[in-house]
Each structure stands twice: as C-alpha cells, then as structure tokens.
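Engineer: Once you've had a glance at the structure underneath, I'll fire off some questions.
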Amino acid sequence: MSQVLNGVTMSTLAGANHLNGSVLTFAYLNGVKEWEAKAAAGSETITYSKQFTVPQGVYSLNLCICAGAGAGATVGDVSYSVNYGGGQQGQIITTSLAVTPGQIIDVVIGIGGTPGAAGSLTNGGPGGNTSFGAIVALGGPGGLWQSRNYNGVGAAHTYCGGTYNDGTTAGYGGGGEAGGFGHGGNAGFYESGLNGGIGAGGGPGAAGFVRGGYGGPGQVVVSWS
C-alpha cells in the first residue's frame, strides 16, 4: 500500500514506511499521525568546547566522556629524587542520555594539567573537568613530588576508547596513568617526563633542570544508532 505525505507518495514495505530510501517512524501529535525520518547511525568525536546539536530522528545518545588528566611531578634537586608520582587520568564516564532531535547541548572539554617550572620541586597541576550538559567528569590529580600517588609501570587498561598503557618508571618515579583515549607519560630521570595522551597523566621528571610531562586534555565521543 502507499500513503501521501506533503504530496509525496510513500510506500509501505514489511510494516516500515520508506521515503526516498529512508526509514520513517511516526507518532500522533494532536490526533494527527506525523512522520519523521529515522537517522542513520553515526558518531562525533569532540575535542574542543562547543555546542552539540542532536541530529534529526535521534532520541538517545551513547557517551564516553573523558576529563583532562593531571601533570607529572617536577623534582629538580637530585637529592629529593627518591619518591615522586605520575599524573592521574581524567575521570571516564560511559553512559546513555535521552534527548530530543534538534536539542542543543553545551560541551566543555577539560584541559590537561600543567607541570611546574623546570628544576623546581612542584606537584603536577590537575586536569580540568569535561562536561556534556549536566554530566560532569572530574579532572585528574597531578603527580606529587614527595609521593608516588600514581606509580605507573606500563600496565595495560581497557576503556571506552580502546586499550592504553600506563607510563613506565624511571629512577624512583612512577609513570603517568593511562587515560580513556591515550597512554600515560613515561617518567624521566635526568630528563623531563613525557606528556600524557588524551585523558592520560603526564610522567614525572626528576634530577636536574627538567620538569614533569603535561597531562592529556579531555575528549567526548558521542554515538547514536
């Protein structure tokens, strides 16, 4: 059978309605059957703060939200280079969210933590929060220059973005923590720590005019089907 919508003939096939190859769904609005095209499956990776507009025909989103990670500790004086930590990952949230087509959602991407000045005795700076509407992932703590608050040894972790490794140790310092979308930074001894990947902690740096690695920034992956 067929139906006419705004002068266009739609064919009914196996209980589904089709218009120019698109599957159509319907709902009753004030007693009138309204038709709407169902969106094709899709996704978007968001790496900067912006507004996200829900595509037409989409009523539920799958989210992987990753906050900014902490920077690694900086231990410039070799006599203090006995116990220092890598930055920790930004919080990772995986969830679904009910939405309406055309809805506009504010997205804020957290920055990665900043390490102390080269040669100083400084904890790594924390990462920034990442938010998708009212859902907030908290930024990761920075590495401590007098404690291995995170002691990465290269272990693998699986998150929504895939499998990533902690940073490795060097001297007496632990590597940065793996994040939702990136590897942790390796610790440095007589050299600076390496920067963390997306959502991952920076490695600490020790013994000389060196510094910890920067924490990785946050990210959001939105998908729908």
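The values are calculated or read from the model by the stated rules, or taken from the named source; none is laboratory data. Keep in mind that what you see is a predicted model, and the values were worked out from it rather than measured. Neighbour counts run over all protein chains shown; Cβ positions are idealised from the backbone, glycine included.
Engineer: Quick check on the stretch 56-71: of everything there that is within 22 Å of CYS160 (Cα to Cα) and of a type in the set (S, T, N, Q), which residue is surrounded by the fewest Cβ atoms within 10 Å (Cβ to Cβ)?
Structural biologist: Restricting to residues being within 22 Å of CYS160 (Cα to Cα) and of a type in the set (S, T, N, Q), the top hit is SER60.
Engineer: Which one of THR53, THR45, THR74 is of a type in the set (S, T, N, Q), crowded, with 18+ Cβ neighbours inside 10 Å and in the same structural domain as THR100 (by TED's automatic domain parsing)?
Structural biologist: From the options THR53, THR45, THR74, the qualifying one is THR74.
Engineer: Would you check which residues across the stretch 106-151 are among the β-branched types (Val, Ile, Thr) and over 22 Å from CYS66 (Cβ atoms) and list them?
Structural biologist: THR122
Engineer: Right, GLY201: at pLDDT 95 or above, of a type in the set (Gly, Ala, Ser), assigned to a loop (DSSP other than H, G, I, E, B) and more than 19 Å from THR130 (Cβ to Cβ) or not?
Structural biologist: Answer is no for this residue.
Engineer: Please specify each residue of the stretch 180-198 satisfying the condition of being farther than 26 Å from VAL222 by Cβ and part of a strand (DSSP E or B).
Structural biologist: GLY188, PHE189, GLU191 - these are the residues of the stretch 180-198 that are farther than 26 Å from VAL222 by Cβ and part of a strand (DSSP E or B).
Engineer: Something else now. Starting from residues that are in contact with a strand residue (DSSP E or B) (Cβ under 6 Å, 6 or more places away or on another chain) and among the polar types (S, T, N, Q), keep the ones in the stretch 173-225 and report whichever is surrounded by the most Cβ atoms within 10 Å (Cβ to Cβ).
Structural biologist: ASN186
Engineer: Next question, about the same structure. Could you go through the stretch 156-166 and let me know if any residue there is surrounded by fewer than 24 Cβ atoms within 10 Å (Cβ to Cβ) and more than 26 Å from LEU63 (Cα to Cα).
Structural biologist: There is no residue in the stretch 156-166 that is surrounded by fewer than 24 Cβ atoms within 10 Å (Cβ to Cβ) and more than 26 Å from LEU63 (Cα to Cα).
Engineer: Among all residue pairs at least 6 apart or on different chains, which show Cβ distances below 8 Å where the first residue, located in the stretch 154-171, is free of Cβ contacts under 8 Å to residues at least 24 places away in the same chain and the second is exposed (fewer than 14 other Cβ atoms within 10 Å of the Cβ) and polar (S, T, N, Q)?
Structural biologist: As it stands, the answer is ALA156/THR163; HIS157/THR163, since those pairs meet every condition given.
Engineer: Can you pull out the residues in the stretch 156-179 that are at pLDDT 95 or above, over 10 Å from GLY203 (Cα atoms) and part of a loop (DSSP other than H, G, I, E, B)?
Structural biologist: Result: ALA178, GLY179.
Engineer: For the stretch 86-104, enumerate the residues that are closer than 23 Å to THR158 by Cβ and either among the small types (Gly, Ala, Ser) or not assigned by TED's automatic domain parsing to the domain that holds GLN146 (or both).
Structural biologist: Hits for the stretch 86-104 are GLY86, GLY87, GLY90, SER96.
Engineer: Out of the residues in the stretch 123-149 that are surrounded by 19 or more Cβ atoms within 10 Å (Cβ to Cβ) and among the aliphatic types (A, V, I, L, M), state the one that is farthest from the chain's Cα centre (by Cα).
Structural biologist: Taking the candidates together, the pick is LEU144.
Engineer: Out of all the residues in the stretch 137-148, is one or more under 21 Å from ILE109 (Cβ atoms), out of contact with any Cys (no Cβ under 8 Å at 6 or more places or on another chain) and without any contact (Cβ under 8 Å) to a residue 24 or more places away in the chain?
Structural biologist: Within the stretch 137-148, not a single residue is under 21 Å from ILE109 (Cβ atoms), out of contact with any Cys (no Cβ under 8 Å at 6 or more places or on another chain) and without any contact (Cβ under 8 Å) to a residue 24 or more places away in the chain.
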